[in-house]
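Encoded as C-alpha cells, the structure appears first; notes follow it.
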Amino acid sequence: MPMTHHYADINGISLHYVEATCLSDEPNPDTLVFLHGFPEYWGTWQAQIDYFRQQYRVIVPDLMGYNLSDKPKDVSAYSVPNLIALYAQFVKTISQNKAVHLVAHDWGGAIAWPLAAFHSGLFGKLVILNAAHPSTFSREMAVNPEQQKKSAYIHRLVADNGVEYVEQDDFCMLKDMLFDGMHDTQFSERHKAEYLRAWKQPGAVNGMLQYYRAMPQLPPEPSSSPNDVTTQQGLHDATNVKIPHIRIELPTLILWGEQDEAFVTGILEGIEDYVPDCQVKRFADATHWLHHEKPDEVNAAIYQFLKS
C-alpha cells in the first residue's frame, strides 16, 4: 500500500504530512510521529518509514515553514509556545485515539522536548536523535566556549541577508552541510533532486530560518575581544543566558552521533536531571546525521526501545 499525502488545518496553519499505514494484520497499531529538522523535509525519514510501517502506523509531517506546509511570514508564529500548541493539536488530530510515540531530530527535537514536557499525556514514548535538550543546551551555551563556537553559524542565518546566503550558488551552503557533511553516506541524484525541490518551494528558505530568528536566546556572537561576548538580545556575557527547566516524565531514548558539528557531547552530561527515565545510545563514528549514516542501527535501537 503506498504512502498517502494529506493536509491538516491546525489553528489556521496547513501542515502537509505523509501517512504510511501499517502493513501488518495488527488491528490497532500504535502511531509513530516523526519530526524532521533543518534543512530537511518529510522525506528524510524514508528509511524509518519503510522499516516501521511493518508494525506501526507512521505519520511524517513537513514542519511549518518547510516544503509543502504553510510558511507564516510573522516570526512570532515560530515562538516556542506557538510551536508547542501547533504540534500538540496536530498530534491530537492524527492520533485516532491510539497510542502515539514521538521521534524527532534536530529542530524537530527542539520542538519535541517541550512538547513532550508540557503535553506528556499525548505520548507513550519519546525518541530524540541529536537534538539538544533546552536546559543542557542553554547551560553549555553559557559556560562552554566550544559550544558557543559550534553555534556561531546561527548568526549567519539570522542576518538580514540570511535567505540570500542560504540560496546562493544553488543552495551550496545546504548541500555542503547535508550531502557533504556525513560519514560514508551517498545521496542518490534522485534524493538530492527531492531536497532541492523542497528548498525551492516558495518561501521555504525564509520559513526554515524563522525558527532561528524566533529562538528565545541566540548564542553569543563572536567578538574581537575575549572579554566581551554580545548577542543580538543584548547579552554582554554568555553567563547571562537563562537556563530553562524542562523536565520530561516520558520514557525517553536519546540516540547521539558523537561527531556532531553542531553540539558538544557535554550536552548529554546531567541529562538525567531533566529526563529521569532516559536511555542514551552513543554512536562514536556518526555525525549529526546519524539516521542517514546508520539507518539500520537507528531503526533497531528505536524498535527495541518501543518494544521494551
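The values are calculated or read from the model by the stated rules, or taken from the named source; none is laboratory data. Remember, predicted model here, so these are calculated numbers, not experimental data. Quick reminder, even Gly has a Cβ in these numbers, built from the backbone with ideal geometry, and neighbours come from all protein chains shown.
I need the full set of residues from the range 46-70 which are within 22 Å of TYR212 (Cβ to Cβ) and either crowded, with 23+ Cβ neighbours inside 10 Å or out of contact with any helix residue (DSSP H, G or I) (no Cβ under 9 Å at 6 or more places or on another chain) (or both), in order please.
PRO61, ASP62, LEU63, MET64, GLY65, TYR66, ASN67, SER69
Exactly one condition in (1) more than 24 Å from LEU35 (Cα to Cα); (2) of a type in the set (S, T, N, Q); (3) modelled with pLDDT of 95 or more is not met by ASN130; state its number.
Looking at each condition in turn, ASN130 falls short on (1).
So, LEU83, is that one surrounded by 17 or more Cβ atoms within 10 Å (Cβ to Cβ) and in a loop (DSSP other than H, G, I, E, B) or not?
The answer is no for LEU83.
Take the residues of the range 128-167 that are hydroxyl-bearing (Ser, Thr, Tyr) and touching a Phe, Trp or Tyr at 6+ places or on another chain (Cβ under 9 Å): which is surrounded by the most Cβ atoms within 10 Å (Cβ to Cβ)?
THR136
Which residue pairs have Cβ atoms under 6 Å apart, sit 6 or more places apart or on different chains, and have a first residue in the range 164-178 that is in contact (Cβ under 8 Å) with a residue 12 or more places away in the chain and a second that is in a helix (DSSP H, G or I) and surrounded by fewer than 18 Cβ atoms within 10 Å (Cβ to Cβ)?
Taking only residues 6 or more apart or on different chains, the pairs are VAL166/MET173.
Need pairs with beta-carbon distance below 8 Å; first residue within 15 Å of ASP277 (Cβ to Cβ) and in contact (Cβ under 8 Å) with a residue 24 or more places away in the chain and within the range 111-122, second β-branched (Val, Ile, Thr) and surrounded by fewer than 17 Cβ atoms within 10 Å (Cβ to Cβ); sequence gap 6+ or separate chains.
From residues that are within 15 Å of ASP277 (Cβ to Cβ) and in contact (Cβ under 8 Å) with a residue 24 or more places away in the chain, there are no pairs.
Which of the residues that make up the range 279-296 are surrounded by fewer than 19 Cβ atoms within 10 Å (Cβ to Cβ) and either in contact with a strand residue (DSSP E or B) (Cβ under 7 Å, 6 or more places away or on another chain) or of a type in the set (Ser, Thr, Tyr) (or both)?
Selection gives GLN279, VAL280, LYS281, ARG282.
With (1) within 27 Å of GLN201 (Cβ to Cβ); (2) surrounded by fewer than 17 Cβ atoms within 10 Å (Cβ to Cβ); (3) not aliphatic (A, V, I, L, M) as the list, and HIS183 as the residue in question, which single condition is left unmet?
Unmet for HIS183, out of (1) within 27 Å of GLN201 (Cβ to Cβ); (2) surrounded by fewer than 17 Cβ atoms within 10 Å (Cβ to Cβ); (3) not aliphatic (A, V, I, L, M): (1).
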